[in-house]
Structure formats: C-alpha cells, structure tokens
Amino acid sequence: MDHKGFLTKYAGIFEHSLWVSEAVFEAGGGLLTDAETLRECFESVFLSADPVLQLTTLRAHPQLACALADPHDLTPDSASEQSGAGLDRCSMEELEEFSRLNAKYNNKFGFPFIIAVRGLTRHEILDAFRQRLNNGRQSEFQTALRQTCAIARLRIEDVFDV
C-alpha cells in the first residue's frame, strides 16, 4: 500500500495523532496485510515513542459524554464509540457527574480520562472513572497508554472487519 492509501485508511487509528500512522508506515506498515501484525506495529510505535508525543496523543482525546465534548474534538470514531456505550443518552445527573469527574481527572493528571468504552455501559465507565481517580500519575499515565492501545486495536479490527 502506498503512503497516501495507508494514511487514508489508518490516519484515525490514534485520536488526532497522524504522527503514529506516519511512523507505522515508515516502519513498513504499508506492507502489512493482517490485523494482528498491524496492531502490533501500531502499538509498538506508540508505546516506544517519546513520552511527550504520547502525552500529546492522550491530550487529543475528547472528554467522555458526547454532550460535554467539543464537537471539533469528537471524531466520527469517538462519537460512534461513545454512542455505543450510551454516553449520548446520559441523564442530567450523569452529565453533571461526567463533567465533574472530567475536570477533576484532567486537573489531577493533565490529560483526559481514556477508556476503551466499547462493550461497557455508562455506569461501568463512571465506576472506572471514580476508581482511577485514586491512582498516582505514573500509574494512570500507563493505564491511559494501554487504554489508548485498546481503542486503536478495536479500530484496526473494524478496518479489517475482524
């Protein structure tokens, strides 16, 4: 696959982070034809990157709860994933809690709460949100990196219809 075709297909794997797809292509990603090998390549590139680049990618994620996210930050993939978890159907009380938790989390860690929401309910997401606020920064940074990779894996599987 050529550079343009690769980016057309995989630019959105990591939220607003074209640098990851560019680096995967440069590492030979355009020659990969199966989901698992491509997922491993994306994950390897992301997890071995400079922490400043990783943090930039974490900060590119929208807030949870569709109504609270800046529409410019909410990619079609994010909107679909959040809607699938019911985050577009929150009650007023849930929206208020998401808003409060988003602010508290971002203030504590310096990046938004990231969780692979597919297959989770908004109640499970809120529970995880509350629990993870108790983590230390380094632990939560590593959790956010793993969750970002989980989101990428699901998006790659979608491209391959796995």
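FYI, it's all coordinate maths here, none of it is from the lab. Bear in mind the structure is a predicted one, so any value in this text is a computation, not a measurement. Cβ placement follows ideal geometry from the backbone for every residue including glycine, while neighbour counts extend to all protein chains displayed.
Straight-line reach from LYS108: taking Cα to Cα under 20 Å and skipping same-chain neighbours fewer than 8 places apart, the aspartates and glutamates in range are GLU96, GLU97, ASP127, GLU140.
Placing unit charges on each Cβ (+1 for Lys and Arg, -1 for Asp and Glu) gives segment 62-137 a dipole about its Cα centre, and among VAL117, LEU87, ALA103 the Cα reaching farthest toward its positive end belongs to ALA103.
Projected over every direction and averaged, the convex hull enclosing the alpha-carbon atoms of segment 62-137 yields 4.6 nm².
3J(HN,Hα) along segment 112-128, derived from phi through the Karplus expression 6.51 cos²θ - 1.76 cosθ + 1.60 where θ = phi - 60°, amounts to x, 5, 10, 8, 6, 7, 4, x, 9, 8, 5, 5, 5, 5, 4, 4, 5 Hz, with x in place of Gly and Pro. For segment 31-112, the dipole from Cβ point charges (+1 on Lys and Arg, -1 on Asp and Glu) about the Cα centre works out to 340 debye, to the nearest 20.
Highest GNM mean-square fluctuation, the chain, Cα pairs closer than 10 Å: which of SER21, SER80, SER139? Result: SER139 has the largest fluctuation of those listed.
From Cα pairs below 8 angstrom and at least 6 apart in sequence, can you work out the relative contact order of segment 1-139, rounded to a whole percent? Kindly include the intermediate steps, with their values, before the conclusion.
On the way: 120 pairs, mean separation 26.0, N = 139.
About 19 percent, as a whole number.
Other residues whose C-beta falls under 11 angstrom from the C-beta of SER91 contribute a net charge of -2, scoring Lys and Arg +1 and Asp and Glu -1. The long axis of helix 92-109 is offset from the longest Cα principal axis of the chain by roughly 60 degrees. Here the sum of -39500 (n - 2.57) over DSSP H runs of 4 or more residues, divided by the residues of the chain, equals -19500 deg cm²/dmol at 222 nm, to the nearest 500. Within the P(r) computed for the chain, what percentage of the Cα pairs occupies the region above 19 Å? Everything past 19 Å amounts to 54 percent.
In summary, the aspartates and glutamates within cross-link reach of LYS4, defined as a Cα separation below 18 angstrom excluding same-chain residues under 8 places away, comprise GLU22, GLU26.
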